2 protein chains.
Amino acid sequence: MIKNKKAIVLVSGGMDSLLTLAIAIKQDVEPYTLHVNYGQNTQQKELKAYKNINNYYNIGAERSLIVDIDYLKKIGGSTLLGTSFNIKKNDKIPNSYVPFRNANILSIAVSWAEVIGANYIFIGASEVDFSGYPDCRREFFDVFEKTIELGTRPDTKIKILTPLISMTKEDIVRKGVELDIPFELSWSCYYNEEYACGECPSCKLRINGFKKAKVNDPIKYSSIL
Amino acid sequence: MIKNKKAIVLVSGGMDSLLTLAIAIKQDVEPYTLHVNYGQNTQQKELKAYKNINNYYNIGAERSLIVDIDYLKKIGGSTLLGTSFNIKKNDKIPNSYVPFRNANILSIAVSWAEVIGANYIFIGASEVDFSGYPDCRREFFDVFEKTIELGTRPDTKIKILTPLISMTKEDIVRKGVELDIPFELSWSCYYNEEYACGECPSCKLRINGFKKAKVNDPIKYSSIL
């Protein structure tokens, strides 16, 4: 039973992680939220969204961890970091892919989980709409669970839960409405911080999800003002 | 063939990572060194050892990466971080174990390796003398390789090489003598920064290794001055 157990929820500040947190809370876990700055373009805006979401769900500082891993920006290799990828690519992975980002983030979550005795890590990854990222696939999380099993104390038991893994953006919007999540506090745009650009891949997916679900997106877009 | 290929070597500044670097260089790889500060007690001394080792082997800034992950100290859970572990332990893992540290460090190495196109990561882990750490076992590195395979671009191929995995400290000293490594530049003590304490588990292992190999350890110990 997951009820009343400690669980770490990765909260970037986007719509998917917001819904993931709401789903975790719905299951009556004791939620701890982790937010990671990795030098992405909209870092400040995402941090603000994270803090607002924590406030909304009454998650205090003692159950919140904000970590800076700006070395990912130094390493580069992603348009999301404002850096280009300088090696030849023969694949269909989007150039916004940040090399091995989710392993870096999950490793932090596991270190924290092991110390506080949390048995679950929730991550809002979806294979459906953004299947281009190799580290967003369930098979990646499956093998990461084995890595956790072998790399931590024998008593440590940590599962990675991905409730959104098979959901489209339309499903996510519908489920968000059902759970009454504060969409207005979330941020998805890759490039802007005041108004969402409406044109980057992340904005397009979000706009399309709301459109298909026939729900009004409460955030403002500069392109359709 | 590994010759002339780019390889990342994790260099903490200790004797094991020093030997690992020497072994990598002996195989004619193009070495890139990664040093990670994680808030450990002797952070400054280890960083200095790392820099001296880089200088010794003519590894310039363009092939060096120093990363701070002091969030591990914030998370705590290890005597190595000056923090105690506050959950019940029913195992035989030493209390200097830093929760999931090697996964955090390897994830950084993989991100860097993917961007620069390195196919190998060398790590100086040994199962023999320090088998108490779960994330120092070959089976952990094996499953981590699978995590890399699934979590990176399809074209990315990265192997984790552990040349010291079956070596005792005595073996390490002997091999170090054979490869003429600068033992005097390395640092092993967990607690002191001027003279090694000679009493912590890491000092004891080192002292014992030199003793068994009948080799003189060039560093100074406060306990046996």
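Rounded to the nearest 0.05, what FRET efficiency do B:Asp28 and A:Asn95 have when you use their Cβ-Cβ distance and R0 = 35 Å? Present the calculation step by step, with values, prior to reporting the outcome.
Numbers: r = 33 Å, r/R0 = 0.94.
With a Förster radius of 35 Å, E is 0.60.
Nearest 20 debye, what's the magnitude of the dipole of segment A:137-185 about its Cα centre given +1 on Lys and Arg Cβ and -1 on Asp and Glu Cβ? Let's see the in-between values first.
Working: 9 positive and 10 negative charges, 41 e Å.
Value, rounded to 20: 200 debye.
Can you tell me the FRET efficiency between A:Asn216 and B:Ile66 if r is taken as the Cβ-Cβ distance and R0 is 51 Å, rounded to the nearest 0.05?
Working: r = 48 Å, r/R0 = 0.94.
Computed FRET efficiency for A:Asn216 and B:Ile66 comes out at 0.60.
Hey, if you put +1 on the Cβ of every Lys and Arg and -1 on every Asp and Glu Cβ in segment B:18-88, which of B:Leu19, B:Gly39, B:Leu81 ends up farthest toward the positive end of that dipole?
B:Leu81
With a Förster radius of 51 Å, plug the Cβ-Cβ distance of A:Tyr195 and B:Lys5 into 1/(1 + (r/R0)^6) and report the FRET value to the nearest 0.05. List each step's numbers first, then the result.
Values: r = 47 Å, r/R0 = 0.92.
According to the calculation, E is roughly 0.65.
Tell me which residues come under 5 Å, amide H to amide H, from A:Lys159 once H is placed; ignore anything under 5 positions away on its chain.
For A:Lys159, whose amide H was placed from the backbone, the distant partners under 5 Å are A:Tyr120, A:Ile121.
Give me P(r) over segment A:1-94, computed from all C-alpha to C-alpha distances, binned every 10 Å, as integer percentages.
Final binned percentages: 15, 39, 26, 16, 4.
If each residue of separation counts as 0.36 nm, what is the full-extension length gain between B:Ser166 and B:Tyr56 once their alpha-carbon separation is subtracted? Mind showing how you got there, number by number?
Working: separation 110, 0.36 × 110 = 39.60 nm, distance 2.64 nm.
Contour length minus the Cα-Cα distance gives 37.0 nm.
Mind listing the long-range amide H neighbours of B:Lys6? Cut-off is under 5 Å, sequence gap 5 or more, other chains count too, H placed in the peptide plane at 1.01 Å from N.
Result for B:Lys6 returns B:Glu30, B:Asn119.
Would you kindly work out, in nm and rounded to one decimal, the distances from the label point of B:Asp70 to those of the same position in each other copy, ordered shortest first, with label points 7 Å along Cα-to-Cβ?
1.3
Comparing the chain by itself with all protein chains present, which residues of segment A:150-164 are at least 10 Å² less accessible (probe 1.4 Å)?
A:Leu150, A:Gly151, A:Thr152, A:Arg153, A:Pro154, A:Asp155
Taking only DSSP H segments of four or more residues, each worth -39500 (n - 2.57), what value at 222 nm results for chain A once the sum is divided by all its residues, to the nearest 500 deg cm²/dmol?
Working: 7 runs with 84 residues, N = 225.
Here the helix-only value at 222 nm equals -11500 deg cm²/dmol.
With charges only on Cβ, +1 for K and R and -1 for D and E, what is the dipole size of segment A:1-151 about its Cα centre, in debye, rounded to 20? Write down the numbers at each step before the final one.
Details: 17 positive and 16 negative charges, 64 e Å.
Dipole magnitude for segment A:1-151 comes out near 300 debye.
Averaged across orientations, what area in nm² does the convex hull of the alpha carbons in segment B:120-198 project?
Values: hull surface 28.2 nm².
Seen from a random direction, the Cα hull of segment B:120-198 projects 7.0 nm² on average.
If I compute solvent accessible area with a 1.4 Å probe over the protein chains, what percent of it on the protein assembly as shown is carbon and sulfur?
Details: 9160 of 19070 Å².
Summing carbon and sulfur atoms, their accessible area is 48 percent of the total for the protein assembly as shown.
Please state the Cα pair-distance histogram of the protein assembly as shown with 10 angstrom bins from zero: what percent is in each bin?
Going from the shortest bin to the longest, the percentages are 4, 20, 30, 24, 13, 6, 2, 0.
Compute the relative contact order of segment A:1-93 as a whole-number percentage, counting only Cα pairs closer than 8 Å that sit 6 or more residues apart in sequence. It would help to have the intermediate numbers written out before the result.
Working: 126 pairs, mean separation 24.8, N = 93.
Worked out over segment A:1-93, it gives 27 percent.
Could you give the C-alpha radius of gyration of segment B:14-69 expressed as a fraction of 2.2 N^0.38 Å, taking N as the number of residues it contains?
Details: Rg = 11.3 Å, N = 56, 2.2 N^0.38 = 10.2 Å.
Relative to the 2.2 N^0.38 Å estimate, segment B:14-69 comes out at 1.11.
When the Debye formula is applied to the Cα atoms of chain A, each taken as the same point scatterer, what base-10 log of I(q)/I(0) results at q = 0.14 Å⁻¹?
Log10 of I(q)/I(0), two decimals: -0.88.
Considering the options B:Pro218, B:Trp187, A:Val9, tell which one lies farthest towards the positive end of the dipole of the protein assembly as shown, charges being +1 on Lys and Arg and -1 on Asp and Glu at the Cβ, about the Cα centre.
Value: A:Val9.
Any idea how far the Cα center of segment A:1-43 sits from the one of segment B:128-188, in Å?
Cα centroid of segment A:1-43 versus Cα centroid of segment B:128-188: 34 Å apart.
Can you work out the accessible area per residue across the protein assembly as shown, with the rest of the protein chains kept in place, probe 1.4 Å, in square angstrom? If you can, show how the numbers build up before the last one.
On the way: 19070 Å² over 450 residues.
Dividing the accessible area of the protein assembly as shown by its residue count gives 42 Å².
Counting protein heavy atoms only and a 1.4 angstrom probe, how many square angstrom of accessible surface do chains B and A bury in total, to the nearest 100? Can you show the working numbers first?
On the way: alone 11560 and 11550 Å², together 19070 Å².
Buried surface at the B/A interface: approximately 4000 Å².
Please list B:Ser64, B:Ser166 in order of solvent-accessible area, largest first, computed with a 1.4 Å probe with all protein chains present. Don't skip to the answer; put the middle values down first.
On the way: B:Ser64 30, B:Ser166 90 Å².
If we order B:Ser64, B:Ser166 from most to least accessible, we get B:Ser166, B:Ser64.
What residues in segment B:100-114 lose 30 Å² or more of accessible surface when the other protein chains are added to their chain alone (1.4 Å probe)?
For segment B:100-114, once contacts with the other chains are taken into account, B:Phe100, B:Asn104, B:Ser107, B:Ile108, B:Ser111, B:Glu114 lose 30 Å² or more.
How large is the charge dipole for the protein assembly as shown, taken about the Cα centre, if only the Cβ atoms of Lys, Arg (+1) and Asp, Glu (-1) carry charge, to the nearest 20 debye? Intermediate values should be presented prior to the final figure.
Numbers: 58 positive and 52 negative charges, 47 e Å.
The calculation lands at about 220 debye.
The values are calculated or read from the model by the stated rules, or taken from the named source; none is laboratory data. All values derive from a computational prediction rather than experimental measurement. For neighbour counting, all protein chains shown are included, and Cβ atoms are generated from backbone atoms with ideal geometry for every residue, glycine included. Protein only, heavy atoms only, side chains kept; ligands, DNA and RNA dropped before computing areas. Shrake-Rupley method; radii C 1.70, N 1.55, O 1.52, S 1.80 Å.
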